[in-house]
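Student: First the structure, then my questions, so here it is.
The values are calculated or read from the model by the stated rules, or taken from the named source; none is laboratory data. These numbers were taken from a predicted model, which means no experiment stands behind them. Note that each Cβ is placed from the backbone with ideal geometry, even for glycine, and that neighbours are counted across all protein chains shown.
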Amino acid sequence: MDPHREGTQDGAHLARAAVMAPDLPEDRATLQRLLRDLRTHQLELEQQNVALRETQRALEISRDRYADLYDRAPVGYCTLDALGVITEINLTAATLFGVPREQLLGTSLARRLPGGQRRALRDLLRRVAATGQHQWVEVAMILQPGDEALHLRLDCGLARADEGVRYQCALLDITEPRRLLDQLRERERQLERLAHQDPLTGLPNRPVFDDRLSQAILQSRRTGRKVAVFFVDLDRFKEINDTHGHAAGDEILKQVSGRLTGHLRDGDTVSRFGGDEFTLLIANLDTSRDAAIIAEKLIHTLGQPYRNGRQTIPLTISVGISLAPDDGHDVDELLTKADTAMYLAKQSGRDGFRFYTAAMTELACKRVALEQDLRQAVTNGEFLLHYQPQLALDTRRLVGIEALVRWQHPRLGLLPPQRFIPLAEEIGLVQEIDAWVLRTACVQRKRWQGDGLADEILMTVNVSSRLLERRGFLAELGTLLRTLELDPRQLSLDVTETAIMAHPGESVAAVTQLQNLGVAIAIDGFGTGFSSLSYLRRLPVTWLKIDRSFIANLPVSDVDGAIVRAILALGRSLGLGVIAMGVETEGQERFLKEQGCSLGQGFLYSPPISDPIPAAKPAALGGVGA
């Protein structure tokens, strides 16, 4: 009964009772007191009703909020009966399955899983019922053909229910965390491989090689058999990179790796130390002769041509060998000695192998000392230029002067370029030396001009491909010529045929810019490389210089004679001047004249000297020499 209505009826009864009651003072007082109590009680009931209605409204709001939170929760929830049928499910869970909630209610959750994983769900529910504790399982499913697998974690526990067993399940979408975890594990595997393998070839790296060599040395001490360390370096590999590109170079390194691993025994180790350097560990050898046989096989195997697309690339190797216990028992010591032996193999003409000997250590120490001295040579002003005249063969008239660098070593004396230029190329100093030679030769040409040297006599300077490729070289050369007020037409730059053909497209552009500047270009050592006539035709060069190796055996060698005639004919057909280098005998000069060569340079006329044009000889200054 409504308490408010009940209070109202009680008041009416009291009022009637008051009318019917005797009109006594004490009765009236009692009646008034009862009426006041009734009104108070009525107000309290009304306040309670208001509070009850507010509580009911709050409960409804809370229920709606809970329902909304339940539906919109970032985690999917569902309630299952004892048979695994869905009795409640929020929108998040329905969205995971890609099915409207109405279609999920009253259906088995197991039906939504792939056949192979339904058993996992049933086992999970049995464990929950048996233990009363939360249990979980991971499942994966594909909602649509071609979709990525959806990975879910089902976390289930018992729900309080009066009507029997109920399961409350949380469904967590772990697809993205699982993907990130897989990526992390793959990254860890990659790092593990990088820690032990060369990334390009997949061969063991230096730490792995060192460890295996250390173990092999210990085993050698027990067995008394030898351990051989081979240091393998690819000959002139930089030229392959320059000519064919680094991608081709990487492909060749992979092919070298495959050939090495294909010819080793079980238990042997091949490693790539970096660049074009490989090391081999061969254990259990009886004599050094066994190591020599292996080295010969390596040279033959790795010396076969390599394929890069449709191109065939020739390659040779140099091998250095050290032996334990003969050359030591220390890993670093054996590697250093094998490296030293490899260096001597290169110095001896490449395409071969050498065993380490004590004399090699002295040679290696000398090389290190020479390298240190070379780094200080430019700063200390130890370089100087000698000059060799270039003459007309018929009149011995001076037509040009070639600047040739020398190193005045403080202990070793005057060194020719072949003693230090290859080393300068290895350690990256050749650009600095080239720049010094060019600047000094231009200053000397300007000085001779002041002494009266004829304008048409060229100063010839050899430059490396690295100097031509250096950013800003043309601008620096133009600035130098303007500062000296030297006519660019009095300068000729010699570039080797190999350097030009390393990057023929870039060479055409660089040589064209030099020609636009007014500088003449000569191809040095012509005939020793592999010139493409199509590129040669496009190159705006002025001279071809026949390499001295073709002149040395003239006129006896028919082969060299044929090559010289072919170069002269090529020069005439292209409208280029041809200079014969290394003319040392009158017989060579006579053959060259007969074949139509008009210019020569060599010891027959003058060796390189510090000043080929002394001021005391005005005839030479005018361009006519004896």
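Student: Can you tell me which of (1) at pLDDT below 90; (2) surrounded by 17 or more Cβ atoms within 10 Å (Cβ to Cβ) is the one residue 550 doesn't meet?
Tutor: If we test residue 550 against (1) at pLDDT below 90; (2) surrounded by 17 or more Cβ atoms within 10 Å (Cβ to Cβ), just (1) comes out false.
Student: Related question: Could you list, in sequence order, all residues of the stretch 447-462 that are charged (D, E, K, R) and closer than 29 Å to residue 418 by Cβ? Write out each step before concluding.
Tutor: Taking the stretch 447-462 as the starting set, the residues that turn out to be charged (D, E, K, R) are 447, 451, 455-456.
Answer for the stretch 447-462, where residues must be charged (D, E, K, R) and closer than 29 Å to residue 418 by Cβ: just 447.
Student: Failed condition for residue 413, given (1) more than 25 Å from residue 229 (Cα to Cα); (2) surrounded by 17 or more Cβ atoms within 10 Å (Cβ to Cβ), with all others met?
Tutor: (2)
Student: Okay, next question. Only one residue in 436, 448 is closer than 16 Å to residue 400 by Cα and surrounded by 16 or more Cβ atoms within 10 Å (Cβ to Cβ), so which one is that?
Tutor: Just one listed residue meets the conditions, 448.
Student: Report, by residue number, each residue of the stretch 379-395 that is assigned to a loop (DSSP other than H, G, I, E, B) and buried (at least 16 other Cβ atoms within 10 Å of the Cβ).
Tutor: Once the filter is applied, which keeps residues that are assigned to a loop (DSSP other than H, G, I, E, B) and buried (at least 16 other Cβ atoms within 10 Å of the Cβ), the stretch 379-395 yields 382, 393.
Student: Output the residue which, of all residues in the stretch 268-281 that are of a type in the set (A, V, I, L, M, F, W, C) and either out of contact with any helix residue (DSSP H, G or I) (no Cβ under 6 Å at 6 or more places or on another chain) or outside the structural domain of residue 210 (by TED's automatic domain parsing) (or both), is farthest from residue 253 (Cα to Cα).
Tutor: Once the filter is applied, the top-ranked residue is 280.
Student: With 292, 216, 247 as the choices, which residue is buried (at least 19 other Cβ atoms within 10 Å of the Cβ) and hydrophobic (A, V, I, L, M, F, W, C)? Spell out how you get there, then give the answer.
Tutor: Working: 292 fails: buried (at least 19 other Cβ atoms within 10 Å of the Cβ); 247 fails: buried (at least 19 other Cβ atoms within 10 Å of the Cβ).
Every option except 216 fails the conditions.
Student: Here is a follow-up. Determine, yes or no, whether residue 14 is part of a helix (DSSP H, G or I) and modelled with pLDDT of 65 or more.
Tutor: No; evaluated as a whole, the condition is false for this residue.
Student: Here is a further query. Please pick out the residue among 233, 198 that is buried (at least 17 other Cβ atoms within 10 Å of the Cβ), more than 30 Å from residue 287 (Cα to Cα), touching a residue at least 60 places away in the same chain (Cβ under 8 Å) and touching a helix residue (DSSP H, G or I) at 6+ places or on another chain (Cβ under 9 Å).
Tutor: The match here is 198.
Student: Follow-up question, since we're still on this one. I'd like the full set of residues that are exposed (fewer than 15 other Cβ atoms within 10 Å of the Cβ) and assigned to a strand (DSSP E or B), limited to the stretch 259-274.
Tutor: 274
Student: Whether any residue in the stretch 355-376 is in a helix (DSSP H, G or I), at pLDDT 90 or above and within 30 Å of the chain's Cα centre (by Cα) is what I want to check.
Tutor: Taking every residue of the stretch 355-376 in turn, at least one turns out to be in a helix (DSSP H, G or I), at pLDDT 90 or above and within 30 Å of the chain's Cα centre (by Cα).
Student: Check residue 333 against each of (1) within 31 Å of the chain's Cα centre (by Cα); (2) closer than 19 Å to residue 235 by Cα and name the one condition it does not meet.
Tutor: Of everything listed in (1) within 31 Å of the chain's Cα centre (by Cα); (2) closer than 19 Å to residue 235 by Cα, residue 333 misses just condition (2).
Student: So, one more: Among all residue pairs at least 6 apart or on different chains, which show Cβ distances below 8 Å where the first residue, located in the stretch 588-606, is assigned by TED's automatic domain parsing to the domain that holds residue 546 and the second is of a type in the set (Lys, Arg)?
Tutor: Going by the 8 Å Cβ cut-off, the qualifying pairs are 595/565; 596/572; 602/548; 605/396.
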